[in-house]
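Engineer: Dumping the structure here so I can ask a few things about it.
The values are calculated or read from the model by the stated rules, or taken from the named source; none is laboratory data. All values reported here derive from a predicted model rather than from experimental measurement. Every residue, glycine among them, receives a Cβ derived from its backbone with ideal geometry; neighbour counts consider all protein chains shown.
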Amino acid sequence: MTGLSPEISNYFDAFESAFNGLEAIAETEGDERRRHNFLYQAIEAPITRLRHSFACWKLKCRFADQFSIDRSESGFPLFKNVLELETDMNRVKEHLLDLPTVEQTRVEMLELMLKFQQHPGDLQKVMARRLYYEALDKAPAFTTFTKPTTLRVSVNPRSGRTYYVVTWSTYDGTENLPLVYVAVIEDSSEDAPRPRRNTPHGFPKGWIDEMAMNGLPNLSLRSEFKDFVAAHSSYSLSLTTIAKSIDETFPTLHPKQLRRFVLGPFYAGGLTDHNKKVQSVLDSVSAPSDNWLFTWTMQELHSKHEVRSKRGIWGSSPAREIYHVDTDDLDCVAQGVSALERYAMIPHTAYQSMYAKNLTNEIFNGHRCYIASGDHILKHV
């Protein structure tokens, strides 16, 4: 196949190292903890899809000159690349039917080289195109919007309401950043699924798994809820704005907690230029697998209490959530959240360079830092 330019190859190598680091962080937490922590469940699938997207983009770069990254802000691919990937996914079967198989192309390449003494450049691109669409067909990629799925269904013993842990993801078109949302929502409607007394844990066996594949368990609200969060999940909207909008739009849905994972920015030596001090460190490390810095943020908003619904002779008002914003933290106030956690991951070689320049405290101030060293993760608080 045709080769990649050194710059593009270095970019994908850096991201592959970052994904390996994220996988190592998850492994350090232990299987048992991950299994019982719905936040890990929520973030695992989007990261897997995002990693697959990068694998597909790398293949596409072997036959198409259309890949661009946000060098000055997020460090991630531009939104148009996600749109193109999504378009290709929707037509993958059609493209596979039109393209020769890898084996057929390999035979043609050998004939061209041995019989006609010609370089098979065009056939290499045909093979790369075939491998690209085969990869798209094998597993889902990260798209502009992934519809809500339900991770957990249960009943709040205090309120008696059914509640859901729901997650969805989106790729922000303005900031060029992947976003993952996790919401805990109580449902007071008559259509909310109710437990049965004669079944374990209150719900029929297999019922929750079925719901997780299909979106919001309340069938009467599923489609409307999906359309709503698709239109109200941009990075420019604060969690307070999103939660209040859900609360006001759906009188019987009560968002008790809302989290947003912001994946990025990503910094790569010689490729991005959105932080001069970080770049000065990364540019001094030659190996692409060691000259990157990956950051992510978890924003959290929770309800501090609920104003009960009122019904009277002069009218009525539905129940409303009152959300807590930490006014002692200026960042929380600015972002409209109850809590904010920042994380960073950097290879050990780059961390040593940063330490030598006496920049670690300045760059990692307010972050929980993970240092990737081979297959191991060192945690530096």
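Each row is one residue, and each column tells you yes or no for (1) among the charged types (D, E, K, R); (2) within 24 Å of the chain's Cα centre (by Cα); (3) exposed (fewer than 14 other Cβ atoms within 10 Å of the Cβ).
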site: 329; (1), (2), (3): yes, no, no
site: 332; (1), (2), (3): no, yes, no
site: 335; (1), (2), (3): no, yes, no
site: 340; (1), (2), (3): no, yes, no
site: 352; (1), (2), (3): no, no, no
site: 364; (1), (2), (3): no, yes, no
site: 367; (1), (2), (3): no, yes, no
site: 370; (1), (2), (3): no, yes, no
site: 377; (1), (2), (3): no, yes, no
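Engineer: In the stretch 313-326, which residue that is at pLDDT below 95 and out of contact with any Asp or Glu (no Cβ under 8 Å at 6 or more places or on another chain) is nearest to residue 25 (Cα to Cα)?
Structural biologist: Filtering first and then ranking leaves 318.
Engineer: Just name the residue that is surrounded by the fewest Cβ atoms within 10 Å (Cβ to Cβ) out of those in the stretch 176-193 that are among the small types (Gly, Ala, Ser) and not in a strand (DSSP E or B).
Structural biologist: My answer is 189.
Engineer: Continuing with the same structure: For residue 49, state whether it is surrounded by fewer than 19 Cβ atoms within 10 Å (Cβ to Cβ) and closer than 29 Å to residue 288 by Cβ.
Structural biologist: Against the criterion (surrounded by fewer than 19 Cβ atoms within 10 Å (Cβ to Cβ) and closer than 29 Å to residue 288 by Cβ), residue 49 qualifies.
Engineer: So which of 179, 151 ends up being closer than 30 Å to residue 220 by Cβ, touching a Lys or Arg at 6+ places or on another chain (Cβ under 7 Å) and touching a residue at least 24 places away in the same chain (Cβ under 8 Å)?
Structural biologist: None of the others qualify; the one that does is 179.
Engineer: Still on this structure, I have one more. Residue 333 fails exactly one of the following numbered conditions: (1) touching a residue at least 12 places away in the same chain (Cβ under 8 Å); (2) in the same structural domain as residue 254 (by TED's automatic domain parsing); (3) among the β-branched types (Val, Ile, Thr). What is the number of that condition?
Structural biologist: Only one criterion in (1) touching a residue at least 12 places away in the same chain (Cβ under 8 Å); (2) in the same structural domain as residue 254 (by TED's automatic domain parsing); (3) among the β-branched types (Val, Ile, Thr) is unmet by residue 333, namely (1).
Engineer: In the stretch 156-164, is there at least one residue being in the same structural domain as residue 296 (by TED's automatic domain parsing), of a type in the set (D, E, K, R), modelled with pLDDT of 95 or more and at negative phi?
Structural biologist: Checked the stretch 156-164: no residue is in the same structural domain as residue 296 (by TED's automatic domain parsing), of a type in the set (D, E, K, R), modelled with pLDDT of 95 or more and at negative phi.
Engineer: Let me ask something else about it. What's the number of the condition residue 248 fails, among (1) buried (at least 19 other Cβ atoms within 10 Å of the Cβ); (2) assigned to a helix (DSSP H, G or I)?
Structural biologist: Evaluating residue 248 over (1) buried (at least 19 other Cβ atoms within 10 Å of the Cβ); (2) assigned to a helix (DSSP H, G or I) leaves (1) as the failure.
Engineer: Another question, if that's okay. Return the pairs, sorted by first residue and then second, in which the second residue is among the hydrophobic types (A, V, I, L, M, F, W, C) and surrounded by fewer than 21 Cβ atoms within 10 Å (Cβ to Cβ), the first residue lies in the stretch 337-353 and is under 15 Å from residue 259 (Cα atoms), the beta carbons are less than 6 Å apart, and the residues are 6+ apart or on different chains.
Structural biologist: 340/332; 341/298
Engineer: Shifting gears a bit: Looking at the stretch 287-304, can you tell me whether even one residue there is part of a helix (DSSP H, G or I), in the same structural domain as residue 166 (by TED's automatic domain parsing), out of contact with any helix residue (DSSP H, G or I) (no Cβ under 9 Å at 6 or more places or on another chain) and of a type outside the set (Lys, Arg)?
Structural biologist: no
Engineer: Restricting the search to the stretch 130-182, which residues are closer than 17 Å to residue 246 by Cβ and basic (Lys, Arg)?
Structural biologist: Selection gives 147, 161.
Engineer: I need the full set of residues from the stretch 331-354 which are of a type outside the set (A, V, I, L, M, F, W, C), in a strand (DSSP E or B) and out of contact with any Gly (no Cβ under 6 Å at 6 or more places or on another chain), in order please.
Structural biologist: The answer is 341, 343, 347.
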